[in-house]
Amino acid sequence: MRLLVTNDDGIESEGIQVLARHLAEAGHEVVVVAPDRNYSGSGAALGDLRPDVPLAVRRVALDGLPAVEAWALAGPPALTVVAARLEAFGPMPDLVVSGINAGLNTGRSILHSGTVGAALTAQNFGLSGLAVSIEQSDPWHWDTAAAIATEVLEQVARGPARSVVNLNVPGCPRDEVHGVRWTRIAPFGAVRAAMSSRSDEEVHFELTPTGYRPPPDSDQGAVEAGWAALTTLVGIAEAWPPDIDPALATQDITSHVSPGAPVHPVHEIPDASTDHWLRRPTTGS
């Protein structure tokens, strides 16, 4: 399987190099295209793209991986995915693997994660993706996350087209991880953002512990209990009421929002926070 490996911590991060090494040793064809610097928190941003300004790239040699083609690109991780999808670095990859991120990507804050943003960009362009993050520890257990990512990769590849899975791994040796569990997104994370101070020229933020105890079936809760957490994600989605009758779209006025129906004051916007109301786009790439 041809894999694009990227991240948001930058091409020099130890996490991406350990991940690439594990995937290559598992027999996959690996090409690494990653940001030339840290782009943490960039989400799925592409940056300021202009046809008259080329993207700066440079070839990189990865320690211990002379056969792995690696490039540093001056742009966020989502841009590396788009460039690879458009075959700027050889044949289009079969799947995108993003990570290993230094720190967990759990809870609703994953919206802002460049690691997850790269995988969701792959989905948006017709590919499947696996985002990989590990809990902070001293020392970092990159090998644990890389080993589990390699183990679950085949399952992701066998999934439906444009599948994205978010993997979060406890920061401990592999034999101390209890296993892998399917999880949902935690309502809150272990930390929250707060404004510590502000002046006319600066605003300072800090991350403070929430003390929140996440549900055991959530990504954060599973990791805290010693399990690796797998969560299936959808990026661009539509919100529709449940049990839509396609015939309603042919009527002049329908009591519910439905595809093709004219907008009428009686209609109410569907509640997108209700999970089963979300509809993932099924066509196009």
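A short reminder: the numbers here are calculations on the coordinates, not readings from a lab. Quantities reported herein were computed from a predicted structural model and do not represent experimental measurements. All Cβ positions, glycine included, derive from the backbone under ideal geometry; neighbour counts span all protein chains shown.
Fewest-first ordering of VAL97, VAL116, VAL18 by other beta carbons within 10 Å of each residue's beta carbon gives VAL18, VAL116, VAL97. Under 5 Å from the amide H of SER218 lie the amide H atoms of ARG184, each residue being 5 or more positions distant or on a separate chain, with H modelled from the backbone and absent for Pro and chain starts. Candidates LEU55, HIS141, GLN17 compared by Cα position along the dipole of the chain: farthest toward the positive end lies LEU55, with charges placed on Cβ. In terms of its alpha-carbon gyration tensor, the stretch 156-246 comes out oblate; a/c meets the 1.5 threshold, while b/c is at least as large as a/b.
Relative contact order, whole percent, for the chain stands at 15, derived from Cα pairs under 8 Å and 6 or more residues apart. Which is the longest part of the chain that has none of the GluC sites (Glu not before Pro) sitting in a DSSP loop with at most 12 other Cβ atoms within 10 Å? Result for the longest clean stretch: 88-200.
Work through the residues other than VAL68 whose Cβ is under 13 Å from its Cβ and net out their charges, Lys, Arg +1 and Asp, Glu -1. Surrounding charge for VAL68 is -1.
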